[in-house]
């Protein structure tokens, strides 16, 4: 993605407000909503030489138009961001901000600012379910291993995902489910965003690993986990489907309790590892 964008952006020189690729401005992050709309983070040196500053631009590929966010971000450096539907969530070192975009040409409107702990990985997620369900976005918490689940107009739900720092998380496309992985990289947990309950726990392996990414399939029936072990594990999601009205949730009748899940973690369909860790070690993940 980045090399392709850099090649295409070389032809954007001279547009008002667009950093010139011949200067110190560089593309550091890009997020694609679809084949026609891309959000891009440019990074450049501050005029006074005191570090770096980032600017977010939106590129309408088909229209050939690029425009930047007019309002200043509440932090200098963007660590991560996600674009989904009408919403953009941006993470800095100690804050995460949710913006609303009525349409692709609209100026983003700041909706909510959340204080977080130091977030060098830029962890954040957003989903905009269909129907009457409200949009969901997830941010880091000030406390280690904890996350905040936000719905507009409601109090956030704080959940203790792991005893170790959270290394990666992802929302299902409908916003019902939140998958999380800790820095130990052995266990992956799935929570309900409606009430923060632990619904399922799966095991990637017994050795420590850096989790690079977790992602649900579009139908939320499968979960993929990639790690520094040069593997991708795929797990079946054993969670009930949402009720058809008002975006509420129901759990599968045969779903084991969280305690049962913790003692018998499901293994990957693509994993050939055998054996298990002591339950005391599991509690540290």
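Quick note: the coordinates plus some simple rules give every number you see, no bench work behind them. Treat the numbers as computed from the prediction; the structure is a model and nothing was measured. Glycine also receives a Cβ, built like all others from the backbone with ideal geometry; neighbour counts cover every protein chain displayed.
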* **Protection-proxy order for peptides 25-36, 88-99, 42-53, each taking the mean of Cβ atoms within 10 Å per residue, highest first** => 88-99, 25-36, 42-53
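Mind checking the full-extension length gain between residue 106 and residue 76? Use 0.36 nm per residue of separation minus the Cα-Cα distance, one decimal, nm.
Details: separation 30, 0.36 × 30 = 10.80 nm, distance 2.27 nm.
Length gained, residue 106 through residue 76: 8.5 nm.
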* So how do 56-68, 204-216, 167-179 stack up, highest first, on mean other-Cβ count within 10 Å? -> 167-179, 204-216, 56-68
* Asked: Gain in length, residue 206 to residue 143, computed as 0.36 nm per residue apart minus the alpha-carbon separation, to one decimal in nm?
  -> 20.1 nm
* Tell me the label-point distance for the pair residue 152, residue 33, using the 7 Å Cα-to-Cβ offset, in nm and rounded to one decimal. => 1.4 nm
* To do: Express in nm, to one decimal, how much length is gained between residue 61 and residue 93 on full extension, taking 0.36 nm for each residue of separation and deducting their alpha carbon distance.
  => 8.5 nm
